[in-house]
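Trainee: Got a structure for you, questions after.
The values are calculated or read from the model by the stated rules, or taken from the named source; none is laboratory data. For clarity, every value in this text was computed on a predicted model and none was experimentally measured. With ideal geometry, Cβ positions are generated from the backbone for all residues, glycine too; neighbour counts draw on all protein chains shown.
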Amino acid sequence: MNPNLSLATTLLGLSAIPFLSAPRADDSGGAPRIEPLGTYASGLFAAGGAEIVAHDARSQRLFVVNAQANSVDVLDVSAPATPTRLFSIDLAPFGNGANSVAVSAHLADRDRRSSTVAVAVEAADRQAPGRVAFFDVDGRALASVEVGALPDMLVFSPDGRWLLVANEGEPSDDYSVDPVGSVSVIDVSRGVRGLTQDAVRTAGFEAFTPADLPGVRLFGPGASVAQDLEPEYLTISRDSRQAWVTLQENNAIARIDLRRARVIDVVALGTKDHAVAGNELDPSDRDGGIHLGSWPVRGFYLPDAIASYRVAGRTFLVTANEGDARDYDGFSEEERVKDLALDPTAFPAAASLQADANLGRLRVTNTAGDVDGDGDFDELYSFGARSFSIWSSEGELVYDSGDTLERVLAAELPEHFNSTNDANGSFDSRSDDKGPEPEGLAIGRVQGRWLLFLGLERIGGVALFDISAPHAPRFLDYVSTRNFAGSPAAGTAGDLGPEGLAFIAAEDSPTGEPLLAVGNEVSGTTTLFRVVLGDEDED
């Protein structure tokens with residue numbers, strides 16, 4: 001037994017939990033897996049050269065947000081083993097930073113030219129209203145409209161009638177300006193040529209008070225509820241009637257009625273108890289190895305990406321529980337456990353607990369945990385759950401992957417466990433933060449199964465799960481296209497920092513087989529994978 005696990009379980013009075021690698025659902029080759037096909041490299045390192053990706057089946061083009069260039073790179077993926085850049089769409093006329101891209105084939109016939117591409121662009125002043133710009137697949141501008149502050153993500157509804165935009169509304173770095181968060185609901189049912197501002201409605205949070213939102217994290221200094229809530233990522237129901245948006249920093253999900261452009265409710269997600277068996281974590285970058293254990297910490301889920309799917313007539317939500325702290329010059333909630341005053345009754349072994357090799361290095365929030373208001377901390381709350389979760393459409397937890405991701409990484413890449421995304425030789429460096437940081441995800445239907453593709457922002461790679469049974473998902477595969485012997489700055493380290501993922505169904509694919517496209521923010525690369533079906537032979 002490793003000494004850190006022994007100490008953790010002794011402090012908690014729990015029995016030691018043996019280290020187990022997460023088994024694949026089917027090691028006989030009968031389960032789907034993913035294999036890399038080809039990569040396009042922008043040549044930009046640590047500059048957001050490839051972030052969000054969107055695919056158009058009509059033209060077999062992939063649209064990739066290049067944040068550094070404030071553009072969308074348009075790639076030809078008709079031969080996915082050799083993706084090539086055709087041209088770029090300049091977003092400078094519309095704002096100062098491209099954040100997200102989406103494609104709708106529903107608008108093609110209405111506009112009589114091609115599928116329609118929508119791009120969210122923030123203003124030069126990030127606290128000012130941003131814009132959504134519309135293009136055809138050849139990059140010709142069709143229209144643009146104003147939306148809320150810092151439009152961070154956008155998505156077309158399945159029926160093509162609506163375009164939704166999550167306006168994050170982040171504060172300025174000194175926290176002197178804090179715009180409201182909102183969701184723009186844009187009616188594109190008549191196409192986008194000649195689209196006017198009248199087509200844009202705003203689903204806001206001004207009607208809510210703190211009393212309406214028990215358990216929701218509302219903690220920005222001097223902020224109203226509408227200012228404090230920060231929409232991050234959207235998903236829309238199959239019938240295009242409602243949507244859900246993650247409120248990452250607030251640890252909540254909001255539900256929206258699309259026809260009325262109204263927020264129906266906001267649901268707090270609660271916390272994950274890392275003292276419970278199956279929820280172990282490695283909380284230190286100074287413990288000399290991989291030491292997963294049970295610790296007296298609760299993790300806020302703080303989800304980033306969200307997707308939805310239906311099983312047996314019920315809608316389920318899937319979240320990537322990345323975690324995100326408010327850390328500004330004017331206000332920061334981040335503290336290390338060793339720098340906090342711990343309540344001696346709640347933490348009788350505080351001195352041992354706060355050692356660097358135990359919990360001392362773990363980053364936690366200073367905005368929660370002082371239960372009795374006496375100035376010391378009775379509970380500890382960390383950022384993110386190091387997992388993915390499945391929720392009901394009402395926001396009730398159905399499943400959480402527990403410690404599966406860290407156990408998979410410990411088994412698959414033990415020499416690079418919890419590495420960071422911009423430097424090799426960084427073993428264990430992210431354990432004191434948020435571990436592997438699951439950030440982006442995509443789901444797709446393959447051979448009657450619902451598959452989840454989960455991007456791990458820090459160590460990199462994509463984890464594959466079968467989520468056909470929402471209460472009992474199965475781990476299938478983990479693939480890393482990172483070269484730990486290469487140089488990240490020189491562009492020889494492979495894919496770093498997966499950000500945006502897009503599933504391409506077999507019927508939309510240039511090869512007739514399902515594909516996955518991944519934009520890697522740190523390496524500036526875009527990689528396509530093939531989904532190898534369960535009845536195919538191993539290589």
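Trainee: Filter the range 130-158 down to the residues that are charged (D, E, K, R) and under 17 Å from Arg201 (Cβ atoms), then identify the one that is farthest from the chain's Cα centre (by Cα). Don't jump to the end; show me each part of the working.
Mentor: Initial filter on the range 130-158 (charged (D, E, K, R)): 131, 136, 138, 140, 146, 152.
Now narrow it down to the ones that are under 17 Å from Arg201 (Cβ atoms): 131, 146.
Details: Arg131: 22, Glu146: 25 Å.
So the residue we want is Glu146.
Trainee: Within the group Ala133, Ala92, Ala81, which residue is farther than 19 Å from Glu51 by Cα and modelled with pLDDT of 95 or more?
Mentor: Details: Ala133 fails: farther than 19 Å from Glu51 by Cα; Ala92 fails: farther than 19 Å from Glu51 by Cα.
Within the list Ala133, Ala92, Ala81, the selection yields Ala81.
Trainee: What tally of residues in the range 288-330 results from selecting those that are aromatic (Phe, Trp, Tyr) and surrounded by fewer than 18 Cβ atoms within 10 Å (Cβ to Cβ)? Spell out the reasoning first.
Mentor: Taking the range 288-330 as the starting set, the residues that turn out to be aromatic (Phe, Trp, Tyr) are 295, 300-301, 309, 316, 328.
Narrowing the set further to residues that are surrounded by fewer than 18 Cβ atoms within 10 Å (Cβ to Cβ) leaves 328.
Residues in the range 288-330 being aromatic (Phe, Trp, Tyr) and surrounded by fewer than 18 Cβ atoms within 10 Å (Cβ to Cβ): 1 in total.
Trainee: Would a scan of the range 68-89 turn up a residue that is buried (at least 19 other Cβ atoms within 10 Å of the Cβ), of a type in the set (S, T, N, Q), in a strand (DSSP E or B) and in contact with a Leu (Cβ under 9 Å, 6 or more places away or on another chain)?
Mentor: Checking the range 68-89: at least one residue is buried (at least 19 other Cβ atoms within 10 Å of the Cβ), of a type in the set (S, T, N, Q), in a strand (DSSP E or B) and in contact with a Leu (Cβ under 9 Å, 6 or more places away or on another chain).
Trainee: How many residues, within the range 151-195, are farther than 18 Å from Ile52 by Cα, in contact with an Asp or Glu (Cβ under 6 Å, 6 or more places away or on another chain) and among the acidic types (Asp, Glu)?
Mentor: The total comes to 2.
Trainee: Pairs, please: C-beta under 7 Å, at least 6 apart or cross-chain, first residue within 19 Å of Gly97 (Cα to Cα) and in the range 167-179, second of a type in the set (Ser, Thr, Tyr) and surrounded by fewer than 24 Cβ atoms within 10 Å (Cβ to Cβ)?
Mentor: Sorted first by the residue in the range 167-179, then by its partner, the pairs are Pro171/Tyr328; Asp173/Tyr328.
Trainee: Please find, among Gly460, Gly486, Gly491, Gly444, the residue that is at pLDDT 95 or above, among the small types (Gly, Ala, Ser), within 14 Å of His416 (Cα to Cα) and surrounded by fewer than 23 Cβ atoms within 10 Å (Cβ to Cβ).
Mentor: Working: Gly460 fails: surrounded by fewer than 23 Cβ atoms within 10 Å (Cβ to Cβ); Gly491 fails: within 14 Å of His416 (Cα to Cα); Gly444 fails: within 14 Å of His416 (Cα to Cα).
After ruling out the rest, the residue left standing is Gly486.
Trainee: List the strands (runs of 3 or more DSSP E) inside the range 349-427, counting only whole elements, that have at least 3 residues being of a type in the set (Lys, Arg). Write out each step before concluding.
Mentor: Details: elements: 363-365, 381-383, 388-392, 397-400.
Once the strands (runs of 3 or more DSSP E) in the range 349-427 are filtered for at least 3 residues that are of a type in the set (Lys, Arg), nothing remains.
Trainee: Restricting to the range 331-357, give me the number of residues that are over 28 Å from the mean Cα position of the chain (by Cα), buried (at least 19 other Cβ atoms within 10 Å of the Cβ) and in contact (Cβ under 8 Å) with a residue 60 or more places away in the chain.
Mentor: Keep residues of the range 331-357 that are over 28 Å from the mean Cα position of the chain (by Cα), which gives 338-357.
Now narrow it down to the ones that are buried (at least 19 other Cβ atoms within 10 Å of the Cβ): 340, 342-343, 347, 350, 353-354.
Narrowing further to those that are in contact (Cβ under 8 Å) with a residue 60 or more places away in the chain: 353.
Residues that pass the stated criteria total 1.
Trainee: Kindly list, by first and then second residue, each pair from a residue in the range 483-506 that is among the aromatic types (Phe, Trp, Tyr) to a residue that is modelled with pLDDT of 95 or more, limited to pairs with Cβ atoms under 6 Å and residues at least 6 apart or on different chains.
Mentor: Phe484/His416; Phe484/Asn424; Phe503/Ala442; Phe503/Gly444; Phe503/Leu516
Trainee: Moving on. Which number in (1) assigned to a strand (DSSP E or B); (2) surrounded by fewer than 18 Cβ atoms within 10 Å (Cβ to Cβ) marks the one condition that Trp450 misses?
Mentor: (2)
For every residue, the table says whether it meets (1) in contact with a Lys or Arg (Cβ under 8 Å, 6 or more places away or on another chain); (2) among the basic types (Lys, Arg); (3) buried (at least 23 other Cβ atoms within 10 Å of the Cβ).
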position: Asn167; (1), (2), (3): no, no, yes
position: Val192; (1), (2), (3): no, no, yes
position: Gly215; (1), (2), (3): no, no, no
position: Pro231; (1), (2), (3): no, no, yes
position: Asn251; (1), (2), (3): yes, no, yes
position: Asp273; (1), (2), (3): yes, no, no
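Trainee: I've got another one for you. Looking at this structure, is Gly455 in contact with a strand residue (DSSP E or B) (Cβ under 9 Å, 6 or more places away or on another chain) and in a strand (DSSP E or B)?
Mentor: Numbers: in contact with a strand residue (DSSP E or B) (Cβ under 9 Å, 6 or more places away or on another chain): yes; in a strand (DSSP E or B): yes.
Yes, satisfied.
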